[in-house]
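Please treat every number below as a calculation from the coordinates, not as lab data. Quantities reported herein were computed from a predicted structural model and do not represent experimental measurements. Note: ideal-geometry Cβ built from the backbone for every residue, glycine included; neighbour counts use all protein chains shown.
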Amino acid sequence: MLAAVVLVLGVIILFLAQPNWNWARPMVASIASGRLYRPVHIDGNLRVHLFSFAPSATIGGLRIGQPDWGASAGLKGNLAEIDTVAVTAELMPVFIGRIVLPRLQIDRPNLILYSDKTGRANWNFGDGKAKSQPAKLPPIKDFIINDGKLTVTHAKSRFNFTGTINAHEKAAGGRQAFDLTGDGKLNGRAFDLSATGGPLLNVRTHVPYPFDMVVRAGDTRVTAKGRVLHPFNLGQIDGAVTVSGRNLADLYDLTGLTLPNTPAYKIAAQVTRNALIYDVKAIKGRVGGSDLEGTMKVDTRTKGRPYLTGDLRSRRLDFKDLGSLFGATSANTPQKAELSAAPTAAAVARRLLPDATLDIERVRNMDAKVRYRAMSVKTHSDMPLREVSLNVNLDHGLLILDPIDFSFPRGRLQGTARIDARKDVQINTIDMRLTGLAVQDFLPTVGGSKPLEGILNARVRATGTGNSVHKAASTADGQMTLVMPGGTIRQSFAELMGVNATKGVFMLLSKDRHETDVRCAIADFRVQNGVMRGQNIVFDTGVVRVNGSGRINLQDESLKLAFKGKPKKFRLIRVNVPIVVGGHLSAPKIGVDPGAAVVQGGLAVALNTILPFVNLDYAKNANCADVMSDAREQGAPTTLKPAAKKANPLPVGRQ
């Protein structure tokens, strides 16, 4: 009996010791198919050496098919076709549940990787759903790839890539031992990638593996000099990364991050990946004419929804770079007002309000909480802006800027903005307050002094729909009010506002510096469907009182305002016509129009309901109280009444 048992065991050992295991190919392929959830075929030889402390196997003609859903996605061919796979494993670690591979060699692999618009990927073995953790291979001491081909398609980002991959035992022909190179298209733009590194020989799990990578996608260029901290664990990577391009928003295709529109940029940072969390530290670079530094963190643990947190700052912000955030270009730059009443065709074609659209899907696909500060601001005009501070919160399609804070030498502009992209129609809301702004800080010096001094306060509150600044303004409803409850003005300018041609011009030419008080100035606009109508516009000085009316149409950005001054004393020569402001927001035209008259309109909105909208204290202001009293006596604001016959407007100075 014992002899028979020994004989049977001997036969089994001799049988298993045979290197030719072709008889087991169907069984091995069937087991692999069940584990990988897709068909597996072995067309070549299967050779196995079991009796060793480092058992090995060689598989020839390995084919791995597509998952069950591949046919409905239009996938053709196999996921992988490999001429030869040779693998050696250490025996002892297997008994404690670990796999260690002293050697893995893959000859002439051809991989076709595909991810559909829902995120299903044919390389995610199992049910095809995206995995929650990054790829992690068992430790491999020597990893060889010869003449590999790689094709990647990512339907959601319209990404197609074809390349070659090699991991030789040593560098040759001027190329690195590890080399992944290829090109393709990313969202319709040219894409190419090059990743290189040393030979994957004698690799130890606790010694980082260095690599270099260059990616170009359209106008975007990314370079990285990094390390895989624990080789073959792609969830532990760090490196120095430099990114440059035309617009930060273009990084969405590469990273899935919804970033704002910007001018050209170049930024460097230290990036660390820890599983599904990316730390971006030591950010330093330039965006347009502004410097940028700070830190960010991206958490991708929630499937398909990156959560970006950051603290960014600029030592010096170039103010014109802010316009890019809202889609502004050089075509949205305003021109100086001209002394003419007829706008040119070129001016009408220019939009001051940007019409670049916001990609709602991008806003919905990411959450964020970011703080930005600018310690100083470079402006290209007389605007003395000092500091800027913004807090940005994005939560499932609801974007809130709260607070928005612009600091001036004297005064602040503060408020909130809200973009609700959770529904099909985007709803935009703003509520901004201007407090304590010294008007003289914004005006040039004329004849050694400022033409106007005073503290301006204002508030604008409006709601509009649309996915661009222009569309939101074109549909806006709300109110904008400006109040200056006192100040001083050069008497020459006050006289001119009353169109007292004799005295005003004489005082200007003689550089007369006499001043008169500004008792109260109010401009109130009610906004309906994108049209701002001036219901109460009053500028009351010691020598003249100016009443105004009109409208600003945000749909076509046209202006039609009229102002008429009434001197408080008799003037020998006075032209009884209104000053008109017309043209386009980007290029206003100022003149006088003898064919128009300023008359009393319908019932006025009481000023004592306007002033508290800006500041409750203004309702108690004595000078503004007088203006309110006069308004009640007159019963209505002034409005612009068209002439019966169309007359040619006369530029100022030719009346």
The exposure ranking of TYR372, TYR265, fewest beta-carbon neighbours within 10 Å first, is TYR372, TYR265
Points 7 angstrom from Cα along the Cβ direction at ARG301 and HIS206: gap in nanometres? 2.8
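For THR379 and ARG433, calculate 0.36 nm times their separation in residues minus their Cα-Cα distance, and state this gained length in nm to one decimal. If you can, show how the numbers build up before the last one.
On the way: separation 54, 0.36 × 54 = 19.44 nm, distance 2.11 nm.
Length gained between THR379 and ARG433: 17.3 nm.
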Show me the ranking of peptides 239-250, 479-490 by mean Cβ neighbours inside 10 Å, starting with the highest. 479-490, 239-250
In this structure, among LYS149/LYS225; LYS156/LYS471; LYS320/LYS471; LYS117/LYS185; LYS450/LYS566; LYS117/LYS423, pairs with alpha-carbon gaps over 18 Å are LYS149/LYS225; LYS156/LYS471; LYS320/LYS471; LYS450/LYS566; LYS117/LYS423
Work out the FRET efficiency for ARG362 and THR162 from their Cβ-Cβ distance, taking R0 = 41 Å, and round it to the nearest 0.05. 0.90
Given a Förster distance of 35 angstrom, what is the FRET efficiency for MET92 paired with ASN393, based on the Cβ-Cβ distance and rounded to 0.05? 0.05
Qualifying aspartates and glutamates (Cα of each under 17 Å from Cα of LYS369; at least 8 residues distant if same chain): ASP279, GLU293, ASP299, ASP311, ASP395, ASP402, ASP405, ASP420
Whole-Hz Karplus ³J(HN,Hα) for the stretch 374-387, in order, using 6.51 cos²θ - 1.76 cosθ + 1.60 and θ = phi - 60°, x for Gly and Pro? 10, 6, 8, 9, 9, 10, 10, 8, 8, 7, x, 6, 9, 9
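Grab the other residues whose beta carbon is less than 14 angstrom from that of SER33, score K and R as +1, D and E as -1, and report the net.
Details: positive: ARG25, ARG35, ARG38, ARG63; negative: ASP68.
Once positives and negatives cancel, what remains is +3.
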Want the number for THR309 to LEU443: 0.36 nm per residue separation, take away the alpha-carbon distance, what's left? 44.3 nm
For the stretch 404-451 and the stretch 282-317, compute the distance between their C-alpha centroids and round to whole Å. 25
Using packing as a proxy for protection, rank 93-106, 578-591 so that the peptide with the highest average count of other Cβ atoms within 10 Å comes first. 578-591, 93-106
